[in-house]
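Here is the structure we will look at, set down as structure tokens.
Please treat every number below as a calculation from the coordinates, not as lab data. Since we're looking at a predicted model, the values are computed, not measured. For neighbour counting, all protein chains shown are included, and Cβ atoms are generated from backbone atoms with ideal geometry for every residue, glycine included.
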Amino acid sequence: MNMSFLAFSMSPLEILVRGSLMYWFLFVIFRFVLRRNAGSAGIADILFVVLLGDAAQNAMIGDGQTVADGATLIATLVCWNYLLDYLGCRYALISRLTDAPPVLMIRHGRLQRGNMRRENLTEQEIDAQLRLSDVERLDEVRAMYLESDGSFSVLKKKRSS
């Protein structure tokens, strides 16, 4: 039985550099261009899953890739993902770079149209999120934020008794 599929078809250092470059290239695109279109999972999590799947697919299909190549690439991606999570939990600067800050969409019952434009959100989308939070009118809202994971948080005004 030929065991060449276990040997490297390229330098492990080249795999590490290629994997790192693609991780950071895609991370920047996801973080700064596609900021809010990720649903409830974090951008880094989605990026990690996509790259991990692609790396595993290349190693499984063949296409000039060996199991050793795929395993090295997957290990590189796992290390970057873990390192970002680890550093983000310990250093505020890293967390600010990897996580988008919350964006104010409503303040004291008034839509923040500039922020809505920057985030490509329509009034209908805001209304839908308010309905999901059991809010019927804008004047019931003290503040509404678009969170870094794409979800919304609504702070209702206190009711006077």
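Points to keep in mind about this one:
- Whole-number percent relative contact order across the chain, with pairs defined as alpha carbons under 8 Å at least 6 apart: 24 percent
- The loop-placed trypsin sites (Lys or Arg not before Pro) in segment 74-160, going by DSSP, that have at most 15 neighbouring Cβ atoms within 10 Å of their Cβ come out as ARG137, LYS157, LYS158, ARG159.
- Calculated [222 nm] ellipticity per residue, helices only, for the chain: -17500 deg cm²/dmol; basis is -39500 (n - 2.57) per DSSP H run with n ≥ 4, divided by all residues, nearest 500.
- FRET E, pair GLU140, LEU87, Förster distance 25 Å, beta-carbon r, rounded to 0.05: 0.05
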